[in-house]
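Taken together, the values in this text are just the output of simple stated rules run on the coordinates, not laboratory data. Owing to the predicted nature of the structure, the values given are computational and were not obtained by experimental measurement. Here Cβ is always computed from backbone atoms with ideal geometry, including for glycine, and neighbour counts include all displayed protein chains.
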Amino acid sequence: MNILVTNDDGIHSPGITVLAEELRQLGEVTIVAPDRERSAVGHALTLHHPLRAERIAASIFAVDGTPTDCVNLGIHSLLPSRPDIVVSGINRGANLGDDVTYSGTVAAALEATLMGIPAFAISLATNHEAANYASAAFFAVKLASKIIVEGLPDDTFLNVNVPDLPMESLRSPLFTTQGKRRYDGVIVHNVDPRGRKYYWIGSVDMDFYDLEGSDYAAVSRGHISVTPLHLDLTNYNALHRLMSWDMS
Ligand code: MN
């Protein structure tokens, strides 16, 4: 089995190393990842300058681009054959609810799905260096094995979030829905040393609505969360309603 591993925290992040090591139980692992942290770049694709892929060790490539660039280069150029699965992570920090739309980790799995390759993104709900990446890596192997046997529904990939707990403290995996973030107080503003005002977007606090069955509800109670995502963003309920509008 051929496995492509990528992330958005960069090739030197602890999560990707642990993930790749564990996945080697299942087959040939090639890492193609950004040469530096590219978190929150979403599904960005580099079109206006050339990309370089530096082979830093056997089957490990650092690319001066985005996670989406890495998946493209991996599938179409760097891997000896088409991967059977693409795994993105282990991200440092959760990717819950609306955050999936900003996440480079999630976008990499989305890109693989566009290329017709089964994929999942996996994130650890942590802000600490000494986090339980091993717990998430263990689950990644289990999930990858299952996906290889069962396959995934068309146009679907999985967004996995793992609580930052030792393996024995993790509760059973739950299949969940994409939750919803609360957007209160996300911008910090202050004055810089030169007296100019600055703004800083984002806070490390996980501030989500505690919706039943959601990714956040699962992770906040110590469960591993597995959310099936798909590429079709059409809101079919809204479509039916809009069709009744007289636009002539
Ligand atoms: Mn990241």
Could you derive backbone 3J(HN,Hα) for region 97-105 from the dihedral phi with the Karplus parameters 6.51, -1.76 and 1.60 (θ = phi - 60°), listing whole Hz in sequence and x where the residue is Gly or Pro? x, 5, 4, 4, 6, 8, 6, x, 4
Global geometry of region 1-126, whether rounded, prolate or oblate, following the gyration tensor of its Cα atoms and the 1.5 cut on a/c: rounded
If R0 = 51 Å, then L211 and H12, at their Cβ-Cβ distance, give a FRET efficiency to the nearest 0.05 of 0.90
Just to be sure I understand the model, the point goes 7 Å from the Cα along the line to the Cβ. What's the resulting F175 to S248 distance in nm? 4.4
When a/c reaches 1.5 or more, the comparison of a/b and b/c decides; with that in mind, is region 197-248 rounded, prolate or oblate per its Cα gyration tensor? oblate
Would you please give the residues with an amide H less than 5 Å from that of V41, counting only those at least 5 places away or on a separate chain, with H modeled from the backbone geometry? G104
Would you mind checking which residues have amide H under 5 Å from A119's amide H? H placed 1.01 Å from N; only 5 or more apart, or other chain. V86, L158
About its Cα centre, how strong a charge dipole does region 143-248 have in debye, to the nearest 20, once Lys and Arg get +1 and Asp and Glu get -1 at the Cβ? 440
Quick one: go through region 89-124 and flag any residue whose amide nitrogen is under 20 Å from the point 7 Å out along the Cα-to-Cβ line of T46. 89, 103-112
Suppose the chain between L114 and K146 were pulled fully straight at 0.36 nm per residue; how much longer would it get relative to their current alpha carbon spacing? 9.5 nm
Need one number: nm distance between label points at Y198 and D155, each 7 Å from Cα along Cα→Cβ, rounded to one decimal. 4.3
Furthest towards positive pole of dipole, M115, L165, P228, structure part region 96-248, Cβ charges: L165
In terms of the Cα gyration tensor, with a ≥ b ≥ c the square roots of its eigenvalues, is region 125-248 rounded because a/c is under 1.5, prolate because a/b exceeds b/c, or oblate? oblate
Evaluate the relative contact order of the chain (contact order divided by residue number), counting alpha-carbon pairs under 8 angstrom at least 6 apart; express in whole percent. 18
Quick P(r) readout (the chain; Cα-Cα; 5 Å bins; whole %) gives 1, 6, 13, 17, 19, 15, 11, 8, 5, 3, 1, 0, 0
